[in-house]
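The values are calculated or read from the model by the stated rules, or taken from the named source; none is laboratory data. It should be emphasised that the depicted structure is a prediction, and the values quoted were computed from it without experimental measurement. Don't worry about glycine lacking a Cβ; one is built from the backbone with ideal geometry, like all the others, and counts go over all protein chains shown. Just so you know, the surface numbers come from the protein's heavy atoms only, side chains and all, with ligands and any DNA or RNA stripped out. Shrake-Rupley method; radii C 1.70, N 1.55, O 1.52, S 1.80 Å.
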Amino acid sequence: MATTVVLLAVFVMMMGNATVLATVGLFGRAIGLGEIEVGAIIASSALLFFLTSSWWGRLADRKGRRPVILAGLAGGALSLLLFVGLFTLEKDEVNVFVAFVALLGARILYGILCGGVQPAGIAYMADITAARDRSTGAAMVGAAVGLGSMAGPALVALLIGRGFASPVLVACVLTALAILAVAAVLRDPPRAPRAAAAGTSTLGKVTPYLALAFVIHLAFAALQATNAFYVQDLLGLDTMTAVQRASLIGMTFAASSFAVQAFAIRAFGWRPVTLLGIGLIVCLLATAACLMAPGFGWLLAAFGFLGAGFAWAQSGLVAGASLASNGDSQGQVAGRLQAAMAAAWIVGPLIGAAIYEVSIKGPLALAAGAMALAMLGLVVRRRA
C-alpha cells in the first residue's frame, strides 16, 4: 500500500504539471503573450528545480521521504489553484504584462516547493529494492511519471471545451486527495546509517549520468515548449483544435512511455547501459520521423515512438545513477539527477522558442542533434 501511495504522489504531480504545460502556451498566445514569454514561464520552474532539487534530496535523506513528498504535493496543489484562477480571465480583462507576471509567479511557486517529490519517490523505491531490481524500481517511478503525463493531456482533451481552467481544477482536486492518502498511509522504511563522506565518494561515479540527463532532457525541453505551436502552424488549426491535437500527441507520447516502463523493462531485465543505448537510438529515429511528418497521423505515431525511446533512456539514467551511488545517499543522488534535468529545462524552452521563431522545425533538429551527442557520450563512456 505504501508503494502505491508513493507512486500516486508522483502520478498526481506529473498530471498537474502536464495539464499546465498543455494549456499555458496557447492560453498565453490567446491573451497576447509571445513564444519567448511562454518559454520563460515554463523555464522558471526548471530554474528553481535546478536550485532546490539537491537540497530536497538531502532533506529526504536526513528527515525522510514522507515529509518531502507532502511538502511537494501541498505546493503543487496551491500552484494549480492559482492557475485555475488565472485561466478564467479573458484577454480584455487583464494587462498582458500583469498576466505574464501572475502566470510566472504561479509557476515559480511550483518550482520552489515541488522539486522533492520525484527524488524522494525514487529514493523510496531504492530503499525497498535490491540492486538487481533497481531498474524495475526506477521503471515503476517512470511509469507513474508517464501515466501522469498521459492523464494530464487526456484531461485537457476532454475538458478544454469547458475552458482552460477546467482540467487544471480537476488536477488540483486530485492532488489534494493525494495529500490525504500520503499523510494517512506512508511511513518511511528503515535505512542503513549514513557513511562518512558519502556525497563526495558518490559524485564522481554519478557525474556521467548527470551529463547525459542534461543533454537528453535539453532535447525534450525544446520540444515541449514549442510542440503546441508546431501542431497549430504545421496543420493550420484554430486554437482549441490545436490544443486538442497537441494534447493527443502528448497523451500518445506518455502512453507509450508508460507501457515501456510498466511492462517491457521488467520483462527484459536489461542493464541500465543497455536501456540507455536502446532509448537513444529510438529517440533519434523518432525525431527524424517527426521532421518528415506530412500530417497529424504520422506526427502522432512518431511521438509515440519518441515516448518509447524516452522511457528506455530515462529508466537507464535513473537506475544507473542509483547503482553508482552509496546506499545511504539515494535521495541526494536522485536530487542531483533531477537538478541536471531541470538545468536542461531552464535553457531548453528558451532555446526551443528562439529557434522556432526562425524555423518551425528547428526544435526537432535540435532534439535530433542532442540525441546524437548523447549517443556519442555513451559510447565514449563505455570505452573508457
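Details
- When L376, L350, L323 are checked against the criterion of being open to solvent by 20 Å² or more (accessible area, probe 1.4 Å) and free of Cβ contacts under 8 Å to residues at least 24 places away in the same chain, a single residue qualifies: L376.
- Considering residues of the stretch 228-258 that are closer than 22 Å to Q338 by Cβ and of a type outside the set (F, W, Y) only, the residue most open to solvent (accessible area, probe 1.4 Å): G250
- Among the residues here, S315 does not qualify as surrounded by 19 or more Cβ atoms within 10 Å (Cβ to Cβ) and farther than 20 Å from A370 by Cα.
- Residue match in the stretch 287-294 (condition: closer than 14 Å to S135 by Cβ and more than 16 Å from the chain's Cα centre (by Cα)): no
- The residues of the stretch 173-192 that are surrounded by fewer than 16 Cβ atoms within 10 Å (Cβ to Cβ) and part of a loop (DSSP other than H, G, I, E, B), listed by number, are R187, P189, P190, A192.
- Members of the stretch 328-384 found to be under 27 Å from D127 (Cβ atoms) and of a type in the set (S, T, N, Q), listed by number: S329, Q330, Q332, Q338
- Count of the stretch 67-119 residues, restricted to those that are of a type in the set (D, E, K, R) and in contact with a helix residue (DSSP H, G or I) (Cβ under 8 Å, 6 or more places away or on another chain), is 2.
- Checklist (1) open to solvent by 10 Å² or more (accessible area, probe 1.4 Å); (2) part of a helix (DSSP H, G or I) applied to L26, failing item: (1)
- Look at the stretch 33-59: where a residue is open to solvent by 10 Å² or more (accessible area, probe 1.4 Å) and a partner is outside any helix (DSSP H, G or I), sitting 6+ places away or on another chain with Cβ atoms under 6 Å, you get F49/G115; T52/G115; W56/G115; W56/G116.
- Members of the stretch 154-169 found to be touching a residue at least 60 places away in the same chain (Cβ under 8 Å) and open to solvent by 10 Å² or more (accessible area, probe 1.4 Å), listed by number: A154, L155, A157, G161, G163, F164, A165, L169
- Here G331 qualifies as farther than 26 Å from M251 by Cβ, assigned to a helix (DSSP H, G or I) and out of contact with any strand residue (DSSP E or B) (no Cβ under 6 Å at 6 or more places or on another chain).
- On inspection, L285 does not qualify as crowded, with 23+ Cβ neighbours inside 10 Å and of a type in the set (A, V, I, L, M, F, W, C).
Conditions tested, residue by residue: (1) under 16 Å from the mean Cα position of the chain (by Cα); (2) at pLDDT below 95; (3) at positive phi.
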site	(1), (2), (3)
Y124	no, yes, no
A138	yes, yes, no
A144	yes, yes, no
S149	yes, yes, no
A165	no, yes, no
L169	no, no, no
V173	no, no, no
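- In the stretch 113-127, the condition of being surrounded by fewer than 19 Cβ atoms within 10 Å (Cβ to Cβ), part of a helix (DSSP H, G or I) and either without any contact (Cβ under 8 Å) to a residue 24 or more places away in the chain or among the aromatic types (F, W, Y) (or both) is met by no residue.
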